[in-house]
Each structure stands twice: as C-alpha cells, then as structure tokens.
Amino acid sequence: MNARDLRKKYIDFFTSKGHVEIPSASIIPQNDPTTLFISAGMHPLVPYLLGQPHPFGQKLTDVQKCVRTGDIEAIGDTYHHTFFEMLGNWSLGDYFKTEMIPWSYQFLTKELNIDPKNLHVTCFEGDVDAPKDIESHDLWLNSGISEDHIHYLPKKDNWWGPAGNAGPCGPDTEMFVDTQPEAGPVEFETGCQQGRIIEIWNDVFMGYYKDETGKFSPNIQKNVDTGMGVERTTAILSGFKDNYLSDIWQPIIKKIEEISGKNYSDQNYTRAIRIIADHIKASVFIIADGVEPSNKEAGYVLRRLIRRSIRQGKILGIETNFIFNIAQAVLDNQDNYGGEYPSLNQNKDKILSLLEAEENKFRKTLDKGLAEINKLLGKNHSVSGKEAFTLYESFGFPVEMIQEELAKNNLTLNIDEFNQAKENHQKQSQTLSAGKFKSGLADNSEIITKFHTAAHLLHSALRKILGNHVGQAGSNITSERIRFDFTHPDKLTTDELKTIKDLVNAQIKLKLPVIVETMPFIESQKQGALAFFGNKYPEIVTVYTIGSKENYFSKEVCTGPHVENLSQLSQFEIIKEESAGSGKRRIYAVLK
Ligand code: SER
C-alpha cells in the first residue's frame, strides 16, 4: 500500500466515525516558543488538549508534517527521518478507551488487512501513580488479539507525555506488527530487539495531569491522542524492511543515483544517499514553511541539514552544485507523500533559489577553509586542535573535513584539544547569552535587582496607561539606571509620563509582595504572564508575580532575580523619554 492510499483509508475511517479532518499545521510552532519544530501530531493541539474548545469540535483527524532534530546523527539507518508525516486522531474530552481500542483493531485488521495473528499490543502495567490498564487489555482481548500477544510494560515504555515537565499525559497502548511471521514464533521482546516486530501506532489515553512537583492526578478532560508514522507503516504494508524503498523516497533516491553515478544498493554509498534524501526533503519542507538558512534556531538547523548533504555528496564524489536538483525531485514527488502540502508549490521558486544560494555560499566557505588549512600545513606542517576549532568556528568548516585533509598528509587531528577549545567557546557564549537574557543582569548587585523589579512595574504601568500594544522591546540595566525600550508609536506626553510614574510609585507604597513560581511555559501563557523574547523560552520557566496570584499588578516570565517585596524599593523617577527607532520608545528611569 502506498502512502496516499494509507492516508485516504485513515482519514476516511475516522471521518466515518464522526471526526473532522483538519489541515496539517505549519512545521513551525505558531504558539509554542519552547520548541523549534512541530514534532508530533498532538503538538499543535496542546491548547485544546488542555481544555480550550477547538473550532472544529471534539473529534479531529489529520496527517501532520513533523520534524525531529534530536538526533540528526542517527539519520542514515532504515527508519529514522528528520521530516516525517504522522497520521492521528483525537478525542478532546469526547470518546475514550472503549471506542478507541475497537476502532484501532478494526482499522488495522479490516482496513489495512493485517492478520490479527501478526499483531502485538502493549498496555501499562501499573505503578504507584496509576493502576494497571486492565481495561485496555480486556478491550484488546475482546476485539480479537490473543492473550499471548498482549504485553504489560512499565511507565518507561507505556506512558506518554507530558510534552514538558507538567501537563496532560497518560498510559498508552502501542500496536506492533510482526514483519516476518514466516520465520516462526518469536518472543515479543526478542522480536522487537531483532527489528522484526515493529511499532506502528500509539493510542495515548490522556487521563492524567502531571504537575511541576511530579505528582499525577486524574485530568479533568479525558483525551485520546493517537499517532501513526506514514513512512514506517507504508514500508511495512508494502513488505519493505527499509523505509527508503517505498515510493515516498524512491524518486529522490533515483535522482541522487543519477547525479552521482553511485548505486543505493552499494553499501559504501547507501548511508550517504539516505542522508541526502532525508536532509533535502526536510529542508524543502522547512523552507516552504518560512524558514531561511541562518546562524540561529530553526534557520541553523536548516543550514546544518544543507551542509551535511553537501558533505555526504562528497562521499558520493559530487563536487559541484546538486542540491537544487534533489530539491526539484522532492517537489516533483508530491503525489507520493501521505498528505497534500500547498506550501510546496506556492514557494517552489523561493525553495530552489535559497538552496542554490546556500550551496554556493558553503562551497565558497569550503574553498576558503581548504586554502587556510594548506597555509597552516605549509607553515607549521600541522594543524593544531585550537587552529582546527578556529577554522570550524569562523569558516564553518566541518571538523571531519579537517581530519580528512590532515589524513591526506598522514597527519591526525588532536581531537581532544579541538573539543576542549569548542567547550571553552561554548561556555563563554552561554555566559554571554545568559547575560543577554537577563537584560544586563550579569551583575546581580542589590541596586540592579531593585532596578529589575522596577522595570517590571514600569512595563505593566505602560501597558495599563498606554494600552496592550505596548510590549518590551529591550532592556538594559546598569547600576546607574534602567533603560527600557517598548513598542508605542508616539512620543509620550508629560501627563502620560507623570501618570505612569505615579502608578509605579503607588504600587511601591502598597508594599506588594513579589511571588516567584516555576511552571511550564504554556501554563504561564494561560495565566497571562508577559513574555516578549520570541522563541527563546525553555519548556519550564520562572514567573514573577507582583501582588497576589489572583489580583496582580504584574506577571512576567523572567529569569530574575527580583526583590521579595516592593517595600525594598525607593521612589521611582523617569529621567528621560526618547525615540528608540521606528514604532519604539525608550525610557530611562532610576530609584531615588
Ligand atoms: N503523541 C503520541 C506520539 O507522538 C501519539 O500521537 O507517539
């Protein structure tokens, strides 16, 4: 069965059970600044799994574009992919196990025609937090799975989520296919280890909530979240042991073979061909959703994918631009994907031209780096670990290539020295960016702590007096003064400045407490905490509330530190107000 047929069967099946098909969300999270890419079908639905009503109702189904970059180095085997498609269906507080398990059984055995004898399922074995999932076990048994194909496993295997440290989660039941029944009976565990028994679907019963302290309690809204990987399931249903043999990948693989003159079946090249196919396909989808190569965040992941492909191209003997052609093959192969992705055709020209430009740029980098290596070799007859790090850091020259160049001269790189230099550099830049994130709070002296709390008061006062269009656009605090930039179109009047100053001082007079809490970023947003640093927040954040939790003057996500009570602050004064560029104003303030 090909990916299109699989998708059609899945969506038709669940719409026939009252689900509404929703389009795939962008690969770039729209309301979750804690991660760079959407990594599961449930990911864009988190607010709805937490209780927000979904415009299309409580029963949804889709095929979602996903990107996982946790382990780019693992790409090259038969089944890991950077970009993949996930089929899924959701109950947002509607049906639960008694509907979902019989549906799963029906879909697998009647729609996909998998012989129940070749199916295995796992259920949660129970622990102190939640009981053994006997209900799921019995539902599978009554559906037609034999007792010896139902396995109880502990939390590490059969519990999904929460996505962060806290949130909805629950026991899951996972469905596996024995891909080689002709080889005779096999123990479940052994079969999994041999790669013969493979998981294809996961039903999560989100009946619990895990709080920040690690405590599990029953969730008010009982959700179902399921996920089926398109690439893996398509391969299994077609009898392939290697995902790349299906139509999803073959035209792309063929194009790489044609350009390089190397065969996929030649084991010297299989891995490189897989990596190129995987990385360029992912790059095409990532650019289509609006990312451009850069040195940070999603743009950096994209840049790495393109550069790694060019490197793998060298293994195949490709020394001139070729990414463009592979990307064209990815675009031409749309009929074979599981879903329909209009962003590909809409952005075709942009995708191809950005890839071409990035390849040109990297090839120039490589030329420059090579010249530099040859210079060092001419001068010192070696390249030290530190020098290699400089090449890596300033030219973006891959360390493997430095090693290869040295090997040509019968030299080896002192990799420990290289790693040491890299570590030192990382430590330095972490300190720098931590300083940046704290808005100049590297020096945590008392006055700076006070200024920092005063900046939160100023931020809230500006929003209360000028309106909610005001957002922090930057802040710089020294022991001399607070400098605070914010979005606002007009110069502030003397009256406005006075009202703002008075409002801040009124809070200080009230001696309001400053409450510090940690919580998932999503929770902080539900509570209305201000957060203006785009994608920079970790999953778990610190929130500072001035006033009481229910009735507060200010609530902001911040790394702190802050004073414990406003009684520690003296009188607040605004010393200057000026423009900070188009649509932005700047205030200088002090505590007298
Ligand atoms: N969230 C679960 C997973 O990623 C099911 O969709 O497997």
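The values are calculated or read from the model by the stated rules, or taken from the named source; none is laboratory data. As the structure is a prediction and not an experimental result, all values here were calculated from the model. Note that each Cβ is placed from the backbone with ideal geometry, even for glycine, and that neighbours are counted across all protein chains shown. The protein model used for the area step is the full one, side chains on, heavy atoms only, and it has no ligands, DNA or RNA in it. Shrake-Rupley method; radii C 1.70, N 1.55, O 1.52, S 1.80 Å.
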- Item | Selected from GLY170, SER39, PHE216, residue furthest toward positive end of dipole (the chain; charges at beta carbon) | SER39
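How much accessible area per residue does segment 521-592 have, counting only protein heavy atoms and a probe of 1.4 Å, in square angstrom?
Numbers: 3380 Å² over 72 residues.
So segment 521-592 comes to 47 Å² accessible per residue, rounded to a whole number.
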- Looking at SER479, ASN321, ILE522, which one has the Cα that reaches farthest to the positive end of the dipole of the chain (charges on Cβ: Lys, Arg +1; Asp, Glu -1)? SER479
- Residue farthest toward the positive end of the dipole of the chain, with Cβ of Lys/Arg at +1 and Asp/Glu at -1: which of PRO185, SER246, SER567? SER567
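Given a 1.4 angstrom probe, I'd like the percentage of the accessible area of segment 93-143 that is carbon and sulfur, rounded to a whole number.
Values: 1080 of 2250 Å².
Percent of accessible area from carbon and sulfur atoms in segment 93-143: 48.
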- Neighbour-limited loop hits for GluC sites (Glu not before Pro), segment 126-206 (at most 13 other Cβ within 10 Å; DSSP other than H, G, I, E, B): GLU187
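Please give me the summed charge of the neighbours of LYS464: other residues whose Cβ is under 12 Å from its Cβ, Lys and Arg +1, Asp and Glu -1.
Numbers: positive: ARG463; negative: GLU496, ASP502.
Charge balance near LYS464 sits at -1.
Given Cβ point charges of +1 (Lys, Arg) and -1 (Asp, Glu) and nothing else, what value in debye, to the nearest 20, does the dipole of segment 280-415 about its Cα centre take? Before the final figure, lay out each step's value.
Details: 18 positive and 18 negative charges, 102 e Å.
About 500 debye.
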- Taking the Cα centre of segment 1-95 as the origin, how large is its charge dipole in debye, to the nearest 20, when only Lys and Arg (+1) and Asp and Glu (-1) carry charge on their Cβ atoms? 300
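Suppose all protein chains stay in the model; what accessible area per residue would a 1.4 Å probe give for segment 180-291, in Å²?
Details: 4670 Å² over 112 residues.
Per residue, segment 180-291 has an accessible area of 42 Å².
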- Task: Give me the number: length gained by fully extending ILE465 to ASN374, i.e. 0.36 nm times residue separation minus the C-alpha to C-alpha distance, one decimal in nm.
- Result: 26.4 nm
- Query: Given a 1.4 Å probe, how much area per residue of segment 1-160 is accessible, in Å²?
  - Reply: 42
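Considering only protein heavy atoms and a probe of 1.4 Å, how much of the accessible area of segment 218-299 is carbon and sulfur, as a whole percent? Please report the intermediate quantities before stating the final value.
Numbers: 1410 of 3130 Å².
Heavy-atom surface of segment 218-299 belonging to carbon and sulfur, 1.4 Å probe: 45 percent.
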- Once a ≥ b ≥ c are taken as the square roots of the eigenvalues of the Cα gyration tensor of the chain, is the result rounded (a/c under 1.5), prolate (a/b larger than b/c) or oblate (a/b not larger than b/c)? oblate
- Name the shape class, rounded, prolate or oblate, that the alpha-carbon gyration tensor gives for segment 54-200, where a ≥ b ≥ c are the square roots of its eigenvalues, rounded holds for a/c under 1.5, and otherwise prolate holds if a/b is larger than b/c and oblate otherwise. rounded
- Message: Just to confirm a number: summing +1 for Lys and Arg and -1 for Asp and Glu over residues other than ALA421 whose beta-carbon lies under 13 angstrom from that of ALA421, what do you get?
- Response: -2
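Explain nothing, just the number: dipole magnitude of the chain about its Cα centre with +1 on each Lys and Arg Cβ and -1 on each Asp and Glu Cβ, in debye rounded to the nearest 20.
Numbers: 66 positive and 78 negative charges, 509 e Å.
With only Lys, Arg, Asp and Glu charged at Cβ, the dipole is about 2440 debye.
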- Task: Sort 382-390, 414-422, 202-210 for me by packing, meaning the mean count of neighbouring Cβ atoms within 10 Å per residue, highest on top.
- Result: 202-210, 382-390, 414-422
- For segment 359-433, which whole percent of the accessible surface, found with a 1.4 angstrom probe, sits on carbon and sulfur atoms? 50
- How many angstrom lie between the C-alpha centres of segment 561-586 and segment 17-61? 39
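Calculate, for GLN194 and ASN113, the FRET efficiency according to 1/(1 + (r/R0)^6) with r their C-beta to C-beta distance and R0 22 Å; round to the nearest 0.05.
Values: r = 24 Å, r/R0 = 1.09.
Between GLN194 and ASN113 the formula returns 0.40.
Please compute the net charge surrounding ALA288, taking Lys and Arg as +1 and Asp and Glu as -1 over other residues with Cβ under 12 Å from its Cβ.
Details: positive: LYS65, LYS281, LYS348, LYS350; negative: ASP289, GLU292, ASP349.
Combined, the nearby Lys, Arg, Asp and Glu give +1.
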- Item | Cα-projected label distance for HIS54 with ALA183, points at 7 Å along beta-carbon direction, nm | 3.8
- Can you spot the lysines whose alpha carbon is less than 24 Å from LYS132's alpha carbon? Ignore those fewer than 8 places along the same chain. LYS97, LYS155, LYS156, LYS210, LYS215, LYS222
